[in-house]
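Below: one structure, written as structure tokens.
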Amino acid sequence: MIDYSILDGKKAAFFTLGCKLNFAETSTLGEMLMSHGVTKAKKGEVADICVVNTCTVTAMADSKCRQAIHKIIKENPNALVAVTGCYAQLQPQVIADIPGVNLVVGAQNRGELIPQICYALQSKSTSPLEKKVDEFFPSCSHGDRTRYFLKVQDGCNYFCTYCTIPMARGRSRNGSIASIVAQVHQVAEQGGKEIVITGVNIGDFGRSTKESFLDLIKELDKVEGIARYRISSIEPNLLTDEIIEFCAQSRAFMPHFHIPLQSGCDEVLKLMHRHYDTALFRHKIERIKQLMPDCFIGVDVMTGTRGETPEYFERAYEFIESLDISQLHVFTYSERPGTKALEIPYVVSPKEKHIRTQRLLDLSERKTHAFYQRFIGKTAKVLLEHTSRLSKPMNGFTDNYIRVEIPNHPELDNQIVNVELGSFNKTNDALCAKLL
């Protein structure tokens, strides 16, 4: 039997690498520990328990995870160190072999982490885990941020040739609409005003409950107290016209989409085993802009994947340049063991990968600057976020995701205010604004 009282009075530190989904899951793990008497270690304090939530999206991510684990062990020499997440799922033995790591629990068994920590504290050893890949671990994070990140789905059935996520997180699964709406009511009771809907492949929501993503967002829109929702990332083939049309007329869903493209070349999309082509992607962008002309659209793109010849890259660049989008999230392709992409013969050199990545980053900067420029002099509603230092300006976002900077007004933390948008700030990543 697990004695949870062993946690009472312990201090814990949490370290998260990777995506918003990981941050949501870490936050939930923290709340679970706090419910058993654990307190969060303050900055500079040595922790009794260290939880590291890892990412494995690239080889660089793997390296950062190992570096973080070594640093944490050095700074907390007597702590129980528990490592979880996607890297822990795919390379458990590599992590277990690091001196000072006490517990390795993969992403698919994250819900068992707290009992395992207790067991390890009691017995100074770990117990074997059974894989439970069909379970859904509900998560919602907020921490020091104004926005909440709500996990509605996990896993993926797509098996794109470059990706290890299905191996790390298992097959697509989700909580029920009723359970997720209940979580949202709790956020509203806590004073939360904005929720970002997260998951691995959220457009696939409903696979395990016979519901749909459209059904989910319709129910979420009804929850009083939540002023804003954002959809973190949704596959273009799963972003139906009905979803777009609903968001365009909804009460609380913001004019803001994030849509992974990965490549603007149909031949490369086929090599990646993506589920759409550039024609479908363009249709989605045009339909969004038709209904929501001021919508912010972020797009994921990958450079240097196997099979991306110079001709294919130029074709992709021209396609991306032609799209009415606001920002690119550019990822450099990284070889991942066990993926089908390794069977594709054409390999892009590291130097050429860097050149292509920089070209797309430059394109992204131009597109974002042009998007922001359109709104200078206009009024907007901004949800302001807390800042820890009074000497620093406050930041927030408009409904269409323009970052805004104003002089610090602590009393306006987590408040939606009317502002007039002015010129770019010193770092060129936000618009200065004045309160109205």
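Coordinate-derived values only; no laboratory data. What you see is a predicted model; the values in this text were computed from it and never measured. Heads up, the Cβs are rebuilt from the backbone with ideal geometry, glycines too, and the neighbour counts pull from every protein chain shown.
For the chain, taking a cut-off of 4.7 Å between Cβ atoms, the unpaired cysteines are C19, C50, C55, C65, C86, C118, C140, C156, C247, C265, C295, C432.
In a simple Cβ point-charge model (Lys, Arg +1; Asp, Glu -1; nothing else charged), the chain has a dipole of about 760 debye relative to its Cα centre.
If the limit is 28 Å between Cα atoms, which of K64/K434; K40/K392; K20/K381 go over it? The answer is K64/K434.
For K351, no lysines have a Cα falling under 21 Å of its own Cα, not counting residues fewer than eight places away in the same chain. Dipole of the chain computed with +1 at Lys/Arg Cβ and -1 at Asp/Glu Cβ about the Cα centre; of V181, L271, P92, farthest Cα towards the positive end is P92. Listed by chain and number, the aspartates and glutamates placed with their C-alpha closer than 17 angstrom to that of K426 are E365, E405; residues fewer than eight positions away on the same chain are left out. Across the chain, counting alpha-carbon atoms alone, Rg and Dmax equal 22.2, 64 Å.
Here Q327 and H70 are evaluated by their C-beta separation; at R0 = 30 Å the FRET efficiency comes out at 0.35. Of I406, Q190, I285, which is farthest on the positive side of the dipole of the chain, counting Cα position, with +1 on Lys and Arg Cβ, -1 on Asp and Glu Cβ, and the Cα centre as origin? The Cα lying farthest towards the positive end belongs to I406. About its Cα centre, the range 300-409 has a charge dipole of approximately 400 debye under the convention of +1 per Lys or Arg Cβ and -1 per Asp or Glu Cβ, with nothing else charged. The listed peptides 170-182, 410-422, ordered by packing as a protection proxy, come out as 170-182, 410-422 (highest mean of other Cβ atoms within 10 Å first). Between E45 and K340, the modelled label-to-label distance comes to 5.0 nm, taking each label 7 Å out from Cα in the direction of the beta carbon.
So what's the back-of-envelope 222 nm ellipticity for the chain, counting only DSSP H runs of four-plus at -39500 (n - 2.57) apiece and dividing by all residues, rounded to 500? So the helix-based figure for the chain works out to -10000 deg cm²/dmol.
For a straight C-alpha distance cut-off of 23 angstrom, the lysines reachable from K210 (same-chain residues fewer than eight places away being disregarded) are K132, K151, K218, K222. When the trypsin sites (Lys or Arg not before Pro) in the range 25-84 are filtered for DSSP coil states and for at most 12 other beta-carbon atoms within 10 Å of their beta-carbon, the remaining sites are K42, K43.
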